[in-house]
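Below is one structure; the comments refer to it alone.
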Amino acid sequence: MFGDDIFPYLPENIKPFSQQLKQFPENYEKWVYAAAYRSETYQGDVFADVPFVFVDEDGDPAQAQLAGMVVSNTCDTQPNQGEFVVLAPLIDLETYRQSSELEGEELANHVRAVTENKISNLMFLPRSETTLDSLVDFGNLCSVSGAYFHQKKGKNRIVSLSLVGHYFMLVKLAYHFTRPEAADALRDSVVQPGGD
Amino acid sequence: MTMALLEQEELDSTPTAFFDWSIYAPKSSAQTDRSSPMTFINFGPQIVLSATEIFALGQSVTDVSVQDRFSLPLVGDFSAKNLKHLSAIAKLLIPELREMTSGERRNLHSYYKKVYRKV
């Protein structure tokens, strides 16, 4: 569409990484993670052992203890800033594959789409020194008390995104939440009259 | 006079505002007094600026150097930091980016059923 030149469309701090981005998904694993952690929590950091909860089809809360990626803005994840920290669950790809109800070619195609980051709500995270191949689901976010998070996070951080890795996360996150609505989504164009 | 090619993708709706069309100004290979054709690509809903706001940025579509000067305010940090623009970048980086199929969705739901427990 834009040929091979996305350079003009990248923010200044990401332009030095345009070549890596153009080659995506090749060498993704070489640039997505930061080499070192900073002491602060950053958007995109992954923590082990996070309590995740969602309301199931019966209206009951369901819980799991999983690794989770911080989706909240970095500012909101600092102590005494945000009331809650929003996280997305991390799913181990091999476990996901083994428990899959898809089979054969269908499963192979699905896993390929996941690992090439072609599915909008799923961000693939390749194996690192501290993690296995995993996927993050932006479609199942969970908020955790900021006080609890900061009390428990301790040494639970297992991976942090690089500058360009974080940009890639933002790109996927933005697409997932702002993609055009389906053509049959008939939203009323008449606005409600304002109040006083 | 600038030649502009309008190319609409995702034909769910016709853009109604000028900025519904994103601007793609290809590299010019010709050294002439005419600017290259520009391609306007619709990514779907975008930031909506009025024509007045666009032209307040100092642009003129009859200016021969328009593509250079368009590129600064519209596709620099101003746009790149915008959610919609990030969303457009996603489709550039991953042209086959798509939603889950119903089968994939059922599969993920099934996984969660195995991993999560009722409280």
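Please treat every number below as a calculation from the coordinates, not as lab data. Because the structure is a prediction, the values reported are computed rather than measured. Reconstructed Cβ throughout: ideal geometry from the backbone, glycine too, with neighbour counts over all protein chains shown.
The residues A:MET123, B:MET100, A:MET169, when put in order of fewest to most other Cβ atoms within 10 Å, stand as B:MET100, A:MET169, A:MET123. Across chain A, the volume of the C-alpha convex hull divided among the residues equals 220 Å³ per residue. Annotation note: GluC sites (Glu not before Pro) in the range A:98-170 located in DSSP loop regions with a Cβ neighbour count of at most 16 within 10 Å are A:GLU101, A:GLU103, A:GLU116, A:GLU129.
Only alpha carbons enter this Debye calculation for the range A:71-131, each as an equal point scatterer, and the log10 of I(q)/I(0) it gives at q = 0.29 Å⁻¹ is -1.23. On a 32 Å Cα-Cα criterion, which of the cross-link pairs A:LYS172/B:LYS114; A:LYS30/A:LYS155; A:LYS153/B:LYS91; A:LYS153/B:LYS118; A:LYS22/A:LYS153 come out too long? As for pairs spanning more than 32 Å Cα to Cα, those are A:LYS153/B:LYS91; A:LYS22/A:LYS153. The slack in the chain from A:GLU40 to A:PHE24, taken as 0.36 nm per residue of separation less the alpha-carbon distance, amounts to 2.9 nm. The Cβ shell under 13 Å around B:SER102 holds other residues with a net charge of -1, Lys and Arg each +1, Asp and Glu each -1. Normalised by the number of residues in chain A, the average gap of Cα pairs under 8 Å and 6 or more apart makes the relative contact order 25 percent. The distance between label points at A:GLN65 and A:ASN156 comes to 1.0 nm (points 7 Å beyond Cα on the Cα→Cβ vector).
The modelled label-to-label distance between A:ASP188 and B:THR101, using points 7 Å beyond Cα along the C-beta direction, is 3.8 nm. The gain in end-to-end length when the A:ARG112 to A:ASP49 segment is fully stretched comes to 20.0 nm, 0.36 nm per residue minus the alpha carbon separation.
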